[in-house]
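To start, the structure itself, in structure tokens.
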Amino acid sequence: MSPPSRAVRVRPASVDDARGIAAVHVQAWREAYVRQLPATVLAGLRVEPRIERWASIIEDDVTDVFVAEVDGRIVGWATAGDGRDDDRPTSRELEGIYVLAAHHGTGAGQLLLDAAIGAGDAYLWMMDDNPRAEAFYLRNGFVRDGLERDQVMAGHPIHIVRLVRHAAVPQWVAVKDAETALLDADVRRDAETVDDLLPPRVRRARPLRHPLDAGADRRCACRGERGLARHAADR
């Protein structure tokens with residue numbers, strides 16, 4: 001259940017926000033990845049080791065960091081910057097976005113997304129089998145582009161997929177089996193699951209496939225210390 005409606009404020013982060021961001025980082029992981037990560041991994045996440053790392057990220061000129069506040073308390077964050085993949089499909093990458101579960105449905109996630117990447121072309125990496133997150137991206141015009149890979153997150157293997165938004169083309173969404181489909185009707189803005197996104201008639205299309213270069217050392221949002229795991233890896 002969403003909390004009573006209170007004003008959400010989104011702004012660029014400052015170094016003083018590092019502790020609040022780190023706290024949301026840990027709590028949001030514990031809420032979002034119950035099915036994807038072992039309980040021992042989630043229980044072992046700690047705020048303190050992340051504070052200095054976040055301060056460094058905020059201070060550098062590489063990543064844009066935004067926070068969402070309610071009553072002066074940080075309840076979410078988003079990061080974005082220049083695309084890091086060698087084969088990046090757009091110049092802008094959404095590296096990470098999290099909102100505490102207690103503030104889902106308040107508009108905080110949408111405000112963060114808009115602040116981080118605007119309405120233009122962008123791409124992101126997402127942990128597979130995360131229907132709530134994917135539904136949010138779908139209604140913002142993102143679609144799987146067929147690229148996927150295995151990575152390590154907090155010392156645990158995960159599978160990630162890439163989603164892309166091209167603002168100048170019709171909106172695409174992914175159906176339940178992860179194939180893509182072009183909607184014949186407007187996407188419901190209040191959809192909460194992938195099922196909610198599908199109108200009565202959906203024209204199926206073949207998924208967009210991109211060959212993987214197994215020998216390439218590709219960068220992605222789940223390596224290093226920013227993005228889904230670039231910011232989030234518990235090292």
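Just one of Val75, Val8 is buried (at least 17 other Cβ atoms within 10 Å of the Cβ) and touching a Ser or Thr at 6+ places or on another chain (Cβ under 7 Å); which is it? Within the list Val75, Val8, the selection yields Val8.
Among the conditions (1) touching a residue at least 60 places away in the same chain (Cβ under 8 Å); (2) among the charged types (D, E, K, R); (3) within 29 Å of Gly44 (Cβ to Cβ); (4) in contact with a strand residue (DSSP E or B) (Cβ under 7 Å, 6 or more places away or on another chain), the only one that Asp150 does not satisfy is (1).
Within region 31-62, can you find the residues that are among the β-branched types (Val, Ile, Thr) and more than 24 Å from Asp128 (Cα to Cα)? Of everything in region 31-62, those that are among the β-branched types (Val, Ile, Thr) and more than 24 Å from Asp128 (Cα to Cα) turn out to be Val47, Ile51, Ile57, Ile58, Val62. For first residues located in region 43-66 and more than 11 Å from Ala80 (Cα to Cα) and at pLDDT below 95, partners that are among the aromatic types (Phe, Trp, Tyr) and surrounded by fewer than 12 Cβ atoms within 10 Å (Cβ to Cβ) and lie 6+ apart or on another chain with Cβ distances below 8 Å do not occur.
For the residues Val15, Val34, Val26, Val41, the requirement of being under 19 Å from Ala115 (Cα atoms) and not assigned by TED's automatic domain parsing to the domain that holds Gly155 singles out Val15.
The values are calculated or read from the model by the stated rules, or taken from the named source; none is laboratory data. Bear in mind that the values here come from a model prediction, so they are computed numbers and not experimental data. Note: ideal-geometry Cβ built from the backbone for every residue, glycine included; neighbour counts use all protein chains shown.
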